Amino acid sequence: MSQRLTRKEIKQKDQFMTSMESTVSYGRSHMKTILTAVGLVVAAILLTVAVVRFLGHQKQKASLALAEAMEVYEAPILEAGSVDDSGGLNFPDEAARRSRAKELFEAVRSKYGSSDAADVAGIFLAKMATEDGDLETARAEWAAYAENHSDDVLSAQVRLNLLALERKDGNSEKVVEDLRGMLDSDRKPLPEDAILYELATTLEDLQRPQEALPYYQRIVDEFPRSPYSLTAQQKASSLAEGNPASAG
């Protein structure tokens, strides 16, 4: 089969790359809104696909392998008697889909260990590890990603996941200390409104509502267009009235 591209194929490839460039550019310029509006890494899947595919033209095999794994991760569960309109990519139950997705993500890691695609596969494997109760594996995967990709569009969400793991482990005091350190840093690893919100909610969890109040108020005053603004305003009003129960 000829390896030469037709004019139509070349045009489609150029259109695809232009689309990916636009998507990545949007993601970078709106990173704060995107990342603070979601609660889990999985919620960033579409943005991940865009970034990885854009980078993947240089490491095509790794990118395609990751894309296949993510497609399986999101594949439909085919209910008995339903019509299969997925093109054949479906699974009888969640366990079968999860098992296959995990196998494919692990294959990306083993075959393309030094690639960006392998690192992103690790994010999904970490998510699966949390579902299995293996928090140490998840922590190691996410920490490695945050260290190696400190400035990309997924690292902030990964850091939020790490904070959530610390709270789940009963280390909320450490989370407060870390977040206050982030606020004082010239190079903040998270959007400032996200840091303020995480700090306020952690202090509330520690039953210290009056310490949480000024951080909520800062979001209202300094970040009125933040995705956290409405919730922060409600929390601040409730705490100022001395009624923390209704703010939870």
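Test residue 178 against the criterion of being outside any helix (DSSP H, G or I), out of contact with any helix residue (DSSP H, G or I) (no Cβ under 6 Å at 6 or more places or on another chain) and not hydroxyl-bearing (Ser, Thr, Tyr), and give yes or no.
no
Based on this model, can you work out whether residue 234 counts as farther than 23 Å from residue 127 by Cβ and surrounded by fewer than 19 Cβ atoms within 10 Å (Cβ to Cβ)?
Yes: the conditions hold for residue 234.
Consider residue 196 carefully, then state whether it is within 27 Å of residue 68 (Cα to Cα) and assigned to a helix (DSSP H, G or I).
no
Residues in segment 211-233 that are in contact with a helix residue (DSSP H, G or I) (Cβ under 7 Å, 6 or more places away or on another chain) and in a helix (DSSP H, G or I): how many?
Adding up the residues that qualify gives 12.
Residue-wise test of (1) at pLDDT below 90; (2) in contact with a Leu (Cβ under 6 Å, 6 or more places away or on another chain).
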site	(1), (2)
76	yes, no
83	yes, no
96	no, no
107	no, no
122	no, no
137	no, no
142	no, yes
148	yes, no
179	no, yes
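Only residues in segment 136-150 that are of a type in the set (S, T, N, Q) count as the first member; pair them with residues that are loosely packed, with under 12 Cβ neighbours inside 10 Å, Cβ under 7 angstrom, at least 6 apart or cross-chain, and list the lot.
So the pair list comes out empty.
Which one of 188, 102 is in a loop (DSSP other than H, G, I, E, B), out of contact with any strand residue (DSSP E or B) (no Cβ under 9 Å at 6 or more places or on another chain) and of a type outside the set (Val, Ile, Thr)?
Of 188, 102, the one residue that is in a loop (DSSP other than H, G, I, E, B), out of contact with any strand residue (DSSP E or B) (no Cβ under 9 Å at 6 or more places or on another chain) and of a type outside the set (Val, Ile, Thr) is 188.
Quick check on my filter: what residues within segment 125-143 are surrounded by fewer than 15 Cβ atoms within 10 Å (Cβ to Cβ), part of a helix (DSSP H, G or I) and among the small types (Gly, Ala, Ser)?
Passing the criteria: only 140.
Which one is most open to solvent (accessible area, probe 1.4 Å), of the residues in segment 166-198 that are farther than 13 Å from residue 219 by Cα and among the hydroxyl-bearing types (Ser, Thr, Tyr)?
185
When you go through (1) over 17 Å from residue 200 (Cα atoms); (2) among the small types (Gly, Ala, Ser); (3) open to solvent by less than 50 Å² (accessible area, probe 1.4 Å) one by one for residue 150, which number turns out not to apply?
Among (1) over 17 Å from residue 200 (Cα atoms); (2) among the small types (Gly, Ala, Ser); (3) open to solvent by less than 50 Å² (accessible area, probe 1.4 Å), residue 150 violates only (3).
Could you please find all residues in segment 155-165 being more than 21 Å from residue 211 (Cβ to Cβ) and open to solvent by 20 Å² or more (accessible area, probe 1.4 Å)?
159, 162
May I ask you to list pairs of residues, at least six apart or on different chains, whose Cβ atoms are under 9 Å apart, with the first in segment 189-210 being over 21 Å from residue 156 (Cβ atoms) and charged (D, E, K, R) and the second being modelled with pLDDT under 95 and not in a helix (DSSP H, G or I)?
Going by the 9 Å Cβ cut-off, the qualifying pairs are 204/248.
The values are calculated or read from the model by the stated rules, or taken from the named source; none is laboratory data. Keep in mind it's a predicted model, so treat the numbers as computed, not measured. FYI the Cβ positions are ideal-geometry reconstructions off the backbone, even for glycines, and counts take in every protein chain you see. Remember, those area values only see protein heavy atoms, side chains included, never the ligands or the DNA or RNA. Shrake-Rupley method; radii C 1.70, N 1.55, O 1.52, S 1.80 Å.
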